[in-house]
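The values are calculated or read from the model by the stated rules, or taken from the named source; none is laboratory data. Nothing here was measured: the structure is a model prediction, and the numbers come from that model. We place every Cβ from the backbone using ideal geometry, glycine too, and count neighbours over all the protein chains shown. Note: accessible area is taken over every heavy atom of the protein model, side chains too, but ligands, DNA and RNA are not part of it. Shrake-Rupley method; radii C 1.70, N 1.55, O 1.52, S 1.80 Å.
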Amino acid sequence: MFGFHKPKMYRSIDGCCICRAKSSSSRFTDSKRYEKDFQNCFGLHEARSGDICNACVLLVKRWKKLPAGSKKNWNHVVDARAGPSLKTTLKPKKMKTLSGSRIKSNQISKLQKEFKRHS
């Protein structure tokens, strides 16, 4: 009877237009029904369109149920699943210091001699 329905999509090539998730346990849908609410719900400054995951759809529906005048938004979700950002990839790693347990010079020389024996 309902043979001409759109198949359920659990993966998206471009990812969700809000959170950028490329796979989901729930399906992806077209974002046309929800695009008018994106700016207020997610605090976006640009227009977005494409596939949207069900988790972001539920956030839009929850935002619609908020009382009038509420300032709450879900801008922390935007591009959350996009992968590592430029900020985290450029940050240098912290090196551990030997403050608590200092190795004495005679221990270093013993270790050097042991390495020479093994090689």
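Observations on the model:
- Placing a label point 7 Å from the Cα of D30 along the Cα-to-Cβ direction, the residues of region 51-79 whose backbone N falls under 13 Å of that point are 51-52.
- Portion, in percent, of the accessible area of region 7-83 that falls on carbon or sulfur, probe 1.4 Å: 48
- A full extension of the chain between Q107 and A80 corresponds to an added length of 4.9 nm, given 0.36 nm per residue minus the alpha carbon distance.
- Measuring between alpha carbons in the structure, the pairs from K36/K65; K32/K61; K36/K61; K22/K64; K22/K71; K36/K71 lying more than 21 angstrom apart are K22/K64; K22/K71.
- Shape call, region 7-83: gyration tensor on alpha carbons, a/c limit 1.5: prolate
- Heavy-atom surface of region 7-83, accessible at 1.4 Å and reported per residue (Å²): 68
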